[in-house]
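The values are calculated or read from the model by the stated rules, or taken from the named source; none is laboratory data. Please read all numbers here as calculations on a predicted model, not as lab measurements. Every residue, glycine among them, receives a Cβ derived from its backbone with ideal geometry; neighbour counts consider all protein chains shown.
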Amino acid sequence: MARILELVLNGRRRVDAVPDNLLLLDYLREVVGLTGTKTGCDGGECGACTVLVDDQPRLSCLTLAASVNGQGVDTVESLAQDGRLSAVQRGFHEKLGSQCGYCTPGFIMASAGLLRRNPHPSDQDIRAALGSNICRCTGYVKIIEAVKYAAELHAGGVAP
Amino acid sequence: MDALPEFALVRATTLEEMIGVRARHPDSRLLGGGTDLVVNIRRGILAPPVLIDVNDVAELRAIRADARSLEIGAAVKLAEVAAHEEVMRHYPVVAQAAGFIAGPTHRNMGTVGGNLCLDTRCLFYNQSEWWRAANHHCLKTTGEVCHVAPKSRGVCFATFSGDLAPALLTLNAEVDLAGPAGKRTIALENLYIGYARQDRPITESDGDGKYYLSLRPGEFVTAVRAGNTAGLRSAYDKVRIRRSIEYPVTGVAVALRRQGDVLADLRVAFTGTNPRPVLLKGTAELCGGPLEGRVFDGLDALVRDQIMSMKTTFTPGHYRRRVAGVLARRLVARLFAG
Ligand SMILES: Cc1cc2nc3c(=O)[nH]c(=O)nc-3n(C[C@H](O)[C@H](O)[C@H](O)COP(=O)(O)OP(=O)(O)OC[C@H]3O[C@@H](n4cnc5c(N)ncnc54)[C@H](O)[C@@H]3O)c2cc1C
Ligand code: SF4
Ligand code: FES
Ligand code: FES
């Protein structure tokens, strides 16, 4: 079965015909061509595929594309504006929150989700919010520094 | 690009519509957050022809809690339960259990109904198709033997690992069910039939790791309800391999009442150990006196007797059982102390 999927993807309205069994992850990567969202474990265990659905972090590898009909989906591609990195992107870049980079889009989206609902997170808030994401490289210390720095940039007016 | 086999998705908006689809498609499955179901479809374990998305069914999305009672709809998200002020205040064991499930993103997705009906888990089951095929599958799917207990006569020991069930069992919760044959309410304890007894055939009320729920054909959970008991203290604790994302090695819920220096009431329930969440039998006999060695020894004996030690996870079964006992003792002592 196929159906019409209508959503606001990265701020722009979009309509596609999608099969019922299409995962949101594959819709983003293969249909739309937005490959910033990564396929990691493919089973809900790593968070590399995290995107925001109506500002809430969601695992796109376990979400059916058809089930986000009428909602707003933001991927990592939505963050930079006119070539300028967002607060969270700058945080990960400048504070070395990224090494191989594979987990980074997922961490960035989970962090952006956090700053959208809580612009002044404590260390504990940051740790809790990133609890569905795994990084094999950084050891997490730099990631937490990156998000703290992003919150400072955000307080200074940079979009998360 | 077809990561998943073909199925039809029904985005239901009313309970009646759900019941109708269930009647027409007995092999359909309810889709809550999909954090269990989609993984299993992906791994070739299940291939339901129809999925019924419950997330737009307003009747299933209500949560109501006050000092007298608690009622949570099946489509309520775990994150909502964990952060609900009144649930935290009056039913802390439930809020804490919800907050310990998987990770924060999973809790934005996972539903209460999906958690209560979570498929049982096993080292030989939660694997990819080729991994399982290399082992000639097992009883829970299409195979002939149980790799955990090769001498098992047709009985599967896969472990129930949902965290909400034990919490709700300590509150004597009930579940509301609906299906093509009508609506009914049963004790939550009777939803779970994974007794996995070698000496009895599997029946409608006596199942195992494969037949672990007492749901009738087409039936599903619509809500879970519990009353409050004045003076009840409750809490949840859990051990897992890492503090996020992982399923429990074991989870323990305790609810007790203290009158002066007397342990007046004690209820203890576990997950991650048996093919059903286990509400420990025999705790009433431990009550009526002060909290002393006798109570803890008695609790240990009940755990040894009722908690299984089958090796269905990476952690050895006897270790899991010991952890269960230790967690229970600690929680009882903490709650009694205040
Ligand atoms: C990495 C990872 C770690 C996890 N860790 C934990 C953990 O620590 N503790 C834990 O408890 N869970 C854990 N989970 C499982 C899961 O996230 C939660 O249990 C969640 O609550 C499941 O709900 P869901 O809505 O996503 O279920 P779904 O996947 O949508 O459904 C699960 C099953 O229940 C059935 N179902 C759904 N709703 C109903 C209903 N109303 N009536 C009858 N049947 C229904 C479905 O058909 C399916 O068979 C983990 C999952 C992952 C991927
Ligand atoms: S307990 Fe045995 S039958 Fe059940 S899933 Fe594990 S190996 Fe398979
Ligand atoms: S790819 Fe989605 S959680 Fe790993
Ligand atoms: S930077 Fe390599 S996995 Fe996180």
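Any chance the stretch B:288-305 includes a residue that's outside the structural domain of B:P166 (by TED's automatic domain parsing) and under 24 Å from B:P150 (Cα atoms)?
Within the stretch B:288-305, the subset outside the structural domain of B:P166 (by TED's automatic domain parsing) is B:288-305.
Narrowing further to those that are under 24 Å from B:P150 (Cα atoms): B:304-305.
Within the stretch B:288-305, one or more residues are outside the structural domain of B:P166 (by TED's automatic domain parsing) and under 24 Å from B:P150 (Cα atoms).
Exactly one of these conditions fails for B:A223: (1) out of contact with any helix residue (DSSP H, G or I) (no Cβ under 6 Å at 6 or more places or on another chain); (2) not assigned by TED's automatic domain parsing to the domain that holds B:A173. Give me its number.
Evaluating B:A223 over (1) out of contact with any helix residue (DSSP H, G or I) (no Cβ under 6 Å at 6 or more places or on another chain); (2) not assigned by TED's automatic domain parsing to the domain that holds B:A173 leaves (2) as the failure.
Could you identify the single residue in A:L34, A:L52 that is away from ligand 3 (no atom under 13 Å from the Cβ) and assigned to a strand (DSSP E or B)? Lay out the reasoning, then the answer.
Working: A:L34 fails: assigned to a strand (DSSP E or B).
None of the other options fit; the residue is A:L52.
For A:G36, state whether it is within 25 Å of A:Y149 (Cα to Cα), in contact with a Pro (Cβ under 6 Å, 6 or more places away or on another chain) and surrounded by fewer than 20 Cβ atoms within 10 Å (Cβ to Cβ). Before you say what the answer is, go through the steps one by one.
On the way: within 25 Å of A:Y149 (Cα to Cα): yes; in contact with a Pro (Cβ under 6 Å, 6 or more places away or on another chain): yes; surrounded by fewer than 20 Cβ atoms within 10 Å (Cβ to Cβ): yes.
Judged against the criteria, A:G36 is a match.
Any residue that is more than 16 Å from ligand 3 (Cβ to nearest atom), outside the structural domain of B:S244 (by TED's automatic domain parsing) and not in a loop (DSSP other than H, G, I, E, B) - is there at least one of those in the stretch B:134-152?
yes
Can you tell which of A:G97, A:G44 is under 30 Å from B:L9 (Cβ atoms), more than 10 Å from the chain's Cα centre (by Cα) and crowded, with 20+ Cβ neighbours inside 10 Å?
Values: A:G97 fails: under 30 Å from B:L9 (Cβ atoms).
A:G44 is the lone residue from the list that is under 30 Å from B:L9 (Cβ atoms), more than 10 Å from the chain's Cα centre (by Cα) and crowded, with 20+ Cβ neighbours inside 10 Å.
Here are some residues: B:V262, B:V278. Which one is within 20 Å of B:L169 (Cβ to Cβ) and modelled with pLDDT of 95 or more?
Residue meeting the stated conditions: B:V278.
Evaluate the following for A:L59: is it facing chain B (nearest Cβ under 10 Å) and either of a type in the set (A, V, I, L, M, F, W, C) or farther than 15 Å from A:R12 by Cβ (or both)?
The answer is yes for A:L59.
If you check A:V88, A:V76, A:V31, which single one turns out to be closer than 21 Å to A:N10 by Cβ and in contact with an Asp or Glu (Cβ under 9 Å, 6 or more places away or on another chain)?
Going through A:V88, A:V76, A:V31 in turn, just one is closer than 21 Å to A:N10 by Cβ and in contact with an Asp or Glu (Cβ under 9 Å, 6 or more places away or on another chain): A:V31.
Identify the single condition in (1) within 15 Å of B:Q96 (Cα to Cα); (2) within 14 Å of another protein chain (Cβ to nearest Cβ) that B:I245 does not satisfy, given that it satisfies every other one.
The failed condition is (1).
Among B:R257, B:R240, which is the only one that is touching a Leu at 6+ places or on another chain (Cβ under 6 Å) and at negative phi?
Of B:R257, B:R240, the one residue that is touching a Leu at 6+ places or on another chain (Cβ under 6 Å) and at negative phi is B:R257.
When the stretch A:134-144 is examined, which residues are found to be of a type in the set (A, V, I, L, M, F, W, C) and away from ligand 1 (no atom under 16 Å from the Cβ)?
A:C137, A:V141, A:I143, A:I144
Out of (1) free of Cβ contacts under 8 Å to residues at least 12 places away in the same chain; (2) of a type in the set (D, E, K, R); (3) surrounded by 24 or more Cβ atoms within 10 Å (Cβ to Cβ), what's the single condition that is false for B:R276?
Every listed condition holds for B:R276 apart from (1).
Given the condition touching a residue at least 12 places away in the same chain (Cβ under 8 Å), closer than 24 Å to B:E246 by Cα and within 16 Å of ligand 3 (Cβ to nearest atom), answer yes or no: does some residue in the stretch A:144-158 qualify?
no
Does B:A149 fit the bill of being buried (at least 23 other Cβ atoms within 10 Å of the Cβ), away from ligand 4 (no atom under 16 Å from the Cβ) and not basic (K, R)?
No.
Per-residue answers, yes or no, for (1) part of a loop (DSSP other than H, G, I, E, B); (2) out of contact with any Phe, Trp or Tyr (no Cβ under 7 Å at 6 or more places or on another chain); (3) of a type outside the set (D, E, K, R):
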site: A:E6; (1), (2), (3): no, yes, no
site: A:E30; (1), (2), (3): no, yes, no
site: A:D42; (1), (2), (3): yes, yes, no
site: A:E45; (1), (2), (3): yes, yes, no
site: A:A48; (1), (2), (3): yes, no, yes
site: A:P57; (1), (2), (3): no, yes, yes
site: A:C61; (1), (2), (3): no, yes, yes
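Go over the candidates A:A87, A:A146 one by one and state the one that is touching a Lys or Arg at 6+ places or on another chain (Cβ under 6 Å) and aliphatic (A, V, I, L, M).
Result of the check over A:A87, A:A146: A:A146.
Does the stretch B:264-284 include one or more residues that are within 16 Å of ligand 1 (Cβ to nearest atom), acidic (D, E) and not assigned by TED's automatic domain parsing to the domain that holds B:N172?
no
Considering only residues of the stretch B:1-30 that are of a type in the set (G, A, S) and touching a Lys or Arg at 6+ places or on another chain (Cβ under 9 Å), which is nearest to the other protein chains (Cβ to nearest Cβ)? If you could, list the steps in order and put the result at the bottom.
Filtering the stretch B:1-30 for residues of a type in the set (G, A, S) gives B:3, B:8, B:12, B:20, B:23, B:28.
Imposing the further condition that a residue be touching a Lys or Arg at 6+ places or on another chain (Cβ under 9 Å) reduces the set to B:3, B:28.
On the way: B:A3: 6, B:S28: 13 Å.
In this case the residue turns out to be B:A3.
Identify, from the list B:A178, B:A187, B:A226, B:A264, the residue that is within 22 Å of B:R107 (Cα to Cα), touching a strand residue (DSSP E or B) at 6+ places or on another chain (Cβ under 9 Å), small (G, A, S) and in contact (Cβ under 8 Å) with a residue 12 or more places away in the chain.
B:A226
In the stretch B:31-46, which residue that is among the β-branched types (V, I, T) and at the interface with chain A (Cβ under 9 Å from one of its Cβ atoms) is nearest to the chain's Cα centre (by Cα)?
B:T35
Of everything in the stretch A:106-141, what is more than 12 Å from every other protein chain (Cβ to nearest Cβ), in a helix (DSSP H, G or I) and more than 13 Å from A:R90 (Cα to Cα)? Give them in sequence order.
Those that are more than 12 Å from every other protein chain (Cβ to nearest Cβ), in a helix (DSSP H, G or I) and more than 13 Å from A:R90 (Cα to Cα): A:L115, A:R116, A:D123, A:Q124, A:V141.
Tell me, which helices (runs of 4 or more DSSP H) wholly within the stretch B:68-116 include 2 or more residues that are more than 16 Å from ligand 4 (Cβ to nearest atom) and touching a Lys or Arg at 6+ places or on another chain (Cβ under 8 Å)?
Filter on the stretch B:68-116 gives B:78-83, B:92-99, B:104-109.
From A:V88, A:V147, which residue is more than 16 Å from ligand 1 (Cβ to nearest atom) and under 26 Å from A:G33 (Cα atoms)? Step through it out loud before you land on a result.
Numbers: A:V147 fails: under 26 Å from A:G33 (Cα atoms).
Exactly one residue qualifies, and that residue is A:V88.
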